[in-house]
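Chemist: I'd like to ask you about the structure that follows.
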Amino acid sequence: MKSKDRRPIMAAAGTLALAGTLGLSGCGLLGLDRTSSAELSEWFTVTSPVFRDGLDLPTRYACATYPGGTGKTPPLRWSGTPAGTRSYAIVMDDPDAETGAFVHWVIGGIDGTTQLLGEDAQLDEKVEGLNTGEKVGYSPPCPPKGERHRYRFTIYALNTEVPFRSGASLQDSLASIAKHTLGRGRITGYFGSRQSS
């Protein structure tokens, strides 16, 4: 790869690392929106068999506070990832949280030949970092009553195997993901309902 070709990757990496340093607040938690992706090297497609991008997540994937909520991760599929991908990492966040963007899940160690993550993320080997709540693992959608939030599942194609250790701080895991990103894809689901006035 020519050195000039690395500039978009490094720009995206800087954006992600800066977001971690600044406490993940403000706009563009994990980089620019898809419509402003000039700094990104490559986008790929992410879908799910249980919800469509921009529509509601089934209650099944929410916290137990909601009737029927199981707290499991939804199944995800992706395609069109860039050449040289050795592994994937996934970051799920809520940009509508009252205290600023809240990262619910950071997972790495997903093999580079994988194109599907089943429900509840059952993998032989996986590495999970701390989320914003300082816990390892997945924290399901659980917006306050009367609020409707976005939940973004961003999948990163990486040029290395697991770039961070299990239990890594959010700042360290995001910075490591950013450093090794070749491209990314995203699917967004909504959950919760606004109070009627």
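Chemist: Taking square-rooted eigenvalues a ≥ b ≥ c of the alpha carbon gyration tensor, is the stretch 91-173 rounded, prolate or oblate, where a/c under 1.5 means rounded and, failing that, a/b exceeding b/c means prolate?
Modeler: In terms of gyration-tensor shape, prolate.
Chemist: Round to the nearest 10 and report in Å² the accessible area of R148, as given by a 1.4 Å probe over the protein chains' heavy atoms.
Modeler: Counting only protein heavy atoms, the figure is 70 Å².
The values are calculated or read from the model by the stated rules, or taken from the named source; none is laboratory data. Since the model is a prediction, treat every value here as computed from it, not as a measurement. To get the accessible areas, we keep the full protein, side chains included, count just its heavy atoms, and leave off ligands, DNA and RNA. Shrake-Rupley method; radii C 1.70, N 1.55, O 1.52, S 1.80 Å.
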